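The values are calculated or read from the model by the stated rules, or taken from the named source; none is laboratory data. Not measured: the values here are computed from a predicted model. For neighbour counting, all protein chains shown are included, and Cβ atoms are generated from backbone atoms with ideal geometry for every residue, glycine included.
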Amino acid sequence: MNIDFSLLIPEFMLAGLAFAVLGVDLLAPEHRRNVLSATTAAVGLSAIAAFTLPYLWNEQDASLYDGIYRVDQYALLFKAFFLAVGAVSVLMSVEYVGQRIKHSGEFYGMLVFSVLGAVVMASAGELLTAYIGIELLTFSLYVMVALHRGDTRSAEASTKYILLGALSSAVLLYGISILYGTLGSTVFTSMEPSLAFGLGTATILVGFAMLLAGFGFKLAAVPFHLWAPDVYEGAPTPVTALLSVLSKAAAFALILRFFAEALPSSIDDWQLTIAVIAAATMTIGNLTAIAQHNVKRLLAYSSVGQVGFLMVGLVALTEAASSALVLHLIGYAFTNLAVFMVLIALENRTGKEEIVDFAGLGNRAPFSAMVMTASLFSLAGLPIFAGFITKFYLFTSAAGEGLLWLVGIAIANSVISLYYYLRIVRQMYVEEPSETSPLRVPVLTTLVLIALLAGTVFIGVYPGPIVDIIEVANRSLPPFVP
């Protein structure tokens, strides 16, 4: 077997970068560790992304070990996306980590390892390889959630996350073993012929249900979402941002490939189940968000609702729906990272994260308040912002497959979400603040906010170039069954 290890250069570079960040932290003077570690991580992630991007236009799909590990356009698109999210997350974290987290090198090193885990998940063409990627990502996040030492909420969040994460990993691995014992393979394309006749046997149903439960935990889909609000609230805020974007995007990258390669012929057996989970996820997430007073808990339930919207594309499982799902992931990343960037800036200056703490932000930090408003409107799906056009593509593709009832529920939930997003906007522009002094926002924070706002508006106004790239990448997946 001739194996071309040059296909794994980005993965080797990421692993090397993680150890380089830890080395910089070990050798650098204490007062410079945070800046040097962050610079190494951000520059390294950007360089690897720049190395990866040209291959998106190569259109030469490749794989290793008979399809176990894929290096195709689909995987490359997500690799570039994950690297970009990682680089932005580093820039978002610099001031926060410098103020609140003693061991900055461990923070940035684990962040790079989490990106590596996400990259492995995007390239996995087989369940055990996917499991390795999932565990690398989640173990990195376990550590990062607990890095805010001295904060009892962080310790509690980490404990809950580890215990529930270990349980979900065990369920996922048991489901994989059942499917392997029944089907004789864990490679997605090799499983498809056996599953083409349906999921009718009890053994396959049990294995698939356990697999679905494991994936559901990673996505925070109902009923596996109960860990999300506590972990989101207790984790350091940059880690919460990473949880809301990177982990979900990586999970959807894996799940979309799995459903497209292993389950298209048996769509009639699982479509209604996934549709019901999607409807419950978006509804429970959005309704519960209304009652929250802590912004991070509100964003946790908002994230659960967004998972429900994304699952609409999974239910439809067509070329148009898969492209819409990936587009919504990219738009959601720009939008959610901008929201968390503003929250981090506020928290760095006030130490507060309640909705009422946003009172008067429109006067105290006008640009940050504007970005926050635009991002919240995008999450709600209002025009000229990314969320509107990505939801339009997503819902249209599902409606074209006859899922009008599910689209109706999704539209109703978008309206519900606007209510609780407007609560924050009202605080920023209507309520009087307890303090009136201006909030000084660092130049780096302002530059990141400008870039994220530009991306949110660009996707909302002119999504064509990104849609073209996504459509080319999705050709790496097999033809979808109509």
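General observations
- All positions within the stretch 58-82 that are in a helix (DSSP H, G or I) and either free of Cβ contacts under 8 Å to residues at least 60 places away in the same chain or hydroxyl-bearing (S, T, Y) (or both): Y74, A80
- Residue identified as of a type outside the set (S, T, Y) and within 22 Å of the chain's Cα centre (by Cα) among G44, G16: G44
- Restricting attention to the stretch 430-445 and to residues that are surrounded by fewer than 16 Cβ atoms within 10 Å (Cβ to Cβ) and in contact with a helix residue (DSSP H, G or I) (Cβ under 8 Å, 6 or more places away or on another chain), the residue that is nearest to G331 (Cα to Cα) turns out to be L444.
- Any hit, the stretch 97-109, residues being over 17 Å from S140 (Cα atoms), of a type in the set (G, A, S) and touching a helix residue (DSSP H, G or I) at 6+ places or on another chain (Cβ under 8 Å): yes
- L226 being among the hydrophobic types (A, V, I, L, M, F, W, C), under 21 Å from N336 (Cα atoms) and either surrounded by fewer than 20 Cβ atoms within 10 Å (Cβ to Cβ) or free of Cβ contacts under 8 Å to residues at least 24 places away in the same chain (or both): yes
- Taken together, L343, L325, L361 contain a single residue that is among the aliphatic types (A, V, I, L, M) and under 21 Å from I284 (Cα atoms), which is L325.
- Residue that is surrounded by the most Cβ atoms within 10 Å (Cβ to Cβ) [pool: residues in the stretch 262-279 that are modelled with pLDDT of 90 or more and either within 20 Å of the chain's Cα centre (by Cα) or more than 14 Å from A316 (Cα to Cα) (or both)]: A278
- Count of the stretch 317-364 residues, restricted to those that are charged (D, E, K, R) and in contact with a His (Cβ under 7 Å, 6 or more places away or on another chain), is 1.
- Candidates S437, S397, S414, S476: the one that is part of a helix (DSSP H, G or I) and in contact with a Lys or Arg (Cβ under 9 Å, 6 or more places away or on another chain) is S414.
For every residue, the table says whether it meets (1) under 24 Å from T446 (Cα atoms); (2) modelled with pLDDT of 85 or more; (3) out of contact with any His (no Cβ under 6 Å at 6 or more places or on another chain).
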site: P29; (1), (2), (3): no, no, yes
site: R33; (1), (2), (3): yes, no, yes
site: S37; (1), (2), (3): yes, yes, yes
site: L53; (1), (2), (3): no, no, yes
site: S63; (1), (2), (3): no, no, yes
site: Y69; (1), (2), (3): no, yes, yes
site: L83; (1), (2), (3): yes, yes, yes
site: S93; (1), (2), (3): yes, yes, yes
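- The residues in the stretch 16-57 that are of a type in the set (D, E) and surrounded by 21 or more Cβ atoms within 10 Å (Cβ to Cβ) can be counted, and the count is 1.
- Helices (runs of 4 or more DSSP H) wholly inside the stretch 103-218 containing at least 3 residues that are closer than 23 Å to A253 by Cβ and among the β-branched types (V, I, T): 104-123, 127-145
- Where I134 falls short, out of the listed (1) of a type in the set (V, I, T); (2) surrounded by 21 or more Cβ atoms within 10 Å (Cβ to Cβ); (3) modelled with pLDDT under 90: (3)
- Some residue of the stretch 255-272 being under 19 Å from T390 (Cβ atoms) and in contact with a helix residue (DSSP H, G or I) (Cβ under 7 Å, 6 or more places away or on another chain): yes
Yes/no per residue for (1) among the hydrophobic types (A, V, I, L, M, F, W, C); (2) closer than 19 Å to F340 by Cα; (3) surrounded by 17 or more Cβ atoms within 10 Å (Cβ to Cβ):
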position	(1), (2), (3)
M92	yes, yes, yes
Y108	no, yes, yes
V119	yes, no, yes
A124	yes, no, yes
L141	yes, yes, yes
L163	yes, no, no
I176	yes, no, yes
M191	yes, no, yes
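- In the stretch 169-227, the qualifying residues are those that are among the small types (G, A, S) and within 23 Å of the chain's Cα centre (by Cα), and the one that is farthest from S247 (Cα to Cα) is A209.
- Inter-residue pairs, beta-carbon under 8 Å, first of a type in the set (S, T, Y) and at pLDDT below 90 and in the stretch 425-443, second in a helix (DSSP H, G or I) and surrounded by 15 or more Cβ atoms within 10 Å (Cβ to Cβ), 6+ apart: T436/N363; T436/R364; S437/R364
- Any pair with Cβ under 8 angstrom, 6 or more apart, that starts in the stretch 1-20 at a residue that is in contact (Cβ under 8 Å) with a residue 24 or more places away in the chain and ends at one that is of a type in the set (D, E, K, R) and assigned to a helix (DSSP H, G or I): P10/K79
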